[in-house]
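Visitor: To start, I am sharing the structure in question, which I have written as structure tokens.
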Amino acid sequence: MIGFEQIRESLRGASKSGTLAHSHILVGPDGIGKSPMAKSLAGLILRPDSDAVRDYVDMIPVRPEGKSIGVDEVRRIIGEANVMPFEGSRKVIVIYNAELMTTQAQNALLKTIEEPAFGVFFILLTKTLDNLLPTIRSRCAIHRLFPMSREEMRRYIIQQYGLSGPSLDEAVAIARGIPGQADEFIKNPARRAAFDQVLEFLTNLAAVRSLQDRSALTILRQNKAVLEQGPESFLEGMLLAVRDLACLKTGKDYKNLIFLYNMERMKTLAGRYTMARLNRIVEVCESAGRLLEPGRNINRETVVDHTLFQLVEET
């Protein structure tokens, strides 16, 4: 496992010395490696004298069954915490997507996290700390997983996929230091197709001159395609592409661009947008992203339709 060596060494030392906290939060974007890190940490807790990373019967995964983790699921977690371990004297409960816990669920879990049964450890995985109560955060050791350096990312991709040359450079650029992004781009053709869809969208958007244009109608009809791809993924791609276009317009170093794999098209698009329009696209996409955050009770199709209309309206 490449990356986060400092965190792992610190946790290994604490585990062997018996000073390891009973509750931990791993925070970082999707694909950064929270799951492998949780598995590594669980191994350090369950077998502090071994460096082996494997599946353990006393590592209990808890994943959301729906759009949130409610009180009933937390009650099951509490019940599991009171069951004796099978293989040794310790048990690790890993809660995935902990940011999806409702306020009531977090309050129900608080006492157990604050005073767990002997030998019980908790690991909470989350994209953001913002949705976790201060009382939960204050009782956990927080480990932030930041994107890898470009060199770490290169080593990861070479080790996993053996890429070299332009293919390696393109994967490093698209990954932005997040291993999961590299995995998706390399292994999943749909990921590259999704990026191509964003560039096609921006090409059509650049052609819009009024709301009566055929290009405007083409944009508005893409609502179903955006919903099928996933609005969050689409908005992420839009923001990344607009960021690259802004860099191209200001003449910044091409080595830091993300869409290296399609530079000719990016250069053409950069000449068709003003900085003011790019900034407005960012504002619209970020506003839509906030509406789609977990816990917001809003119709996703409505958000997509409104966002596409706003983008067209800004011609």
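The values are calculated or read from the model by the stated rules, or taken from the named source; none is laboratory data. Just so we're clear, the structure is a prediction, and the values are computed from it rather than from any experiment. Reconstructed Cβ throughout: ideal geometry from the backbone, glycine too, with neighbour counts over all protein chains shown. Ligands, DNA and RNA are stripped out before the accessible areas are found, and what is left, the full protein with its side chains, is counted by its heavy atoms. Shrake-Rupley method; radii C 1.70, N 1.55, O 1.52, S 1.80 Å.
Visitor: Of everything in region 108-128, what is touching a residue at least 60 places away in the same chain (Cβ under 8 Å) and buried (at least 17 other Cβ atoms within 10 Å of the Cβ)? Give them in sequence order.
Guide: Ile113, Pro116, Val120, Phe121, Phe122, Ile123, Leu124, Leu125, Thr126, Lys127
Visitor: Here is a follow-up. Would a scan of region 76-83 turn up a residue that is in contact with a helix residue (DSSP H, G or I) (Cβ under 6 Å, 6 or more places away or on another chain) and over 15 Å from Pro294 (Cβ atoms)? Give the steps one after another, and end with the answer.
Guide: We begin by selecting, within region 76-83, every residue in contact with a helix residue (DSSP H, G or I) (Cβ under 6 Å, 6 or more places away or on another chain); these are 78, 81.
Still in the running and over 15 Å from Pro294 (Cβ atoms): 78, 81.
Checked against the condition, which is being in contact with a helix residue (DSSP H, G or I) (Cβ under 6 Å, 6 or more places away or on another chain) and over 15 Å from Pro294 (Cβ atoms), region 76-83 yields at least one hit.
Visitor: In region 161-207, which residue that is farther than 22 Å from Leu235 by Cβ and polar (S, T, N, Q) is most open to solvent (accessible area, probe 1.4 Å)?
Guide: The qualifying residue most open to solvent (accessible area, probe 1.4 Å) is Ser164.
Visitor: Look at Arg214 and say whether it is surrounded by fewer than 16 Cβ atoms within 10 Å (Cβ to Cβ), modelled with pLDDT of 90 or more and on the phi < 0 side of the Ramachandran plot.
Guide: Criteria not met by Arg214.
Yes/no per residue for (1) out of contact with any strand residue (DSSP E or B) (no Cβ under 9 Å at 6 or more places or on another chain); (2) touching a residue at least 12 places away in the same chain (Cβ under 8 Å); (3) under 20 Å from Asn107 (Cβ atoms):
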| residue | (1), (2), (3) |
| --- | --- |
| Glu5 | yes, no, no |
| Lys34 | no, yes, no |
| Ala38 | no, yes, no |
| Leu46 | no, yes, no |
| Ile69 | no, yes, yes |
| Asp72 | yes, no, yes |
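Visitor: Ok, one more. What are the residues in region 200-228 that are in contact with a helix residue (DSSP H, G or I) (Cβ under 6 Å, 6 or more places away or on another chain), of a type in the set (Gly, Ala, Ser) and within 20 Å of Phe259 (Cβ to Cβ), if any?
Guide: Ala207
Visitor: Find all pairs meeting these conditions: Cβ atoms under 7 angstrom apart; at least six residues apart or on different chains; first residue within region 216-245 and farther than 18 Å from Asn279 by Cβ; second residue open to solvent by less than 30 Å² (accessible area, probe 1.4 Å) and in a loop (DSSP other than H, G, I, E, B).
Guide: So the pair list comes out as Ala216/Val208; Ile219/Val208; Pro231/Leu292; Glu232/Leu292.
Visitor: Would you pick out the residues in region 254-294 that are outside any helix (DSSP H, G or I) and surrounded by fewer than 16 Cβ atoms within 10 Å (Cβ to Cβ)?
Guide: Gly271, Arg272, Thr274, Glu293, Pro294, listed by residue number.
Visitor: Still on this structure, I have one more. If I ask for residues that are exposed (fewer than 14 other Cβ atoms within 10 Å of the Cβ) and not aliphatic (A, V, I, L, M), which ones from region 295-305 would you list?
Guide: Hits for region 295-305 are Gly295, Arg296, Asn297, Asn299, Glu301, Thr302.
Visitor: Which of the residues that make up region 178-190 are modelled with pLDDT under 90 and part of a loop (DSSP other than H, G, I, E, B)?
Guide: Asn188
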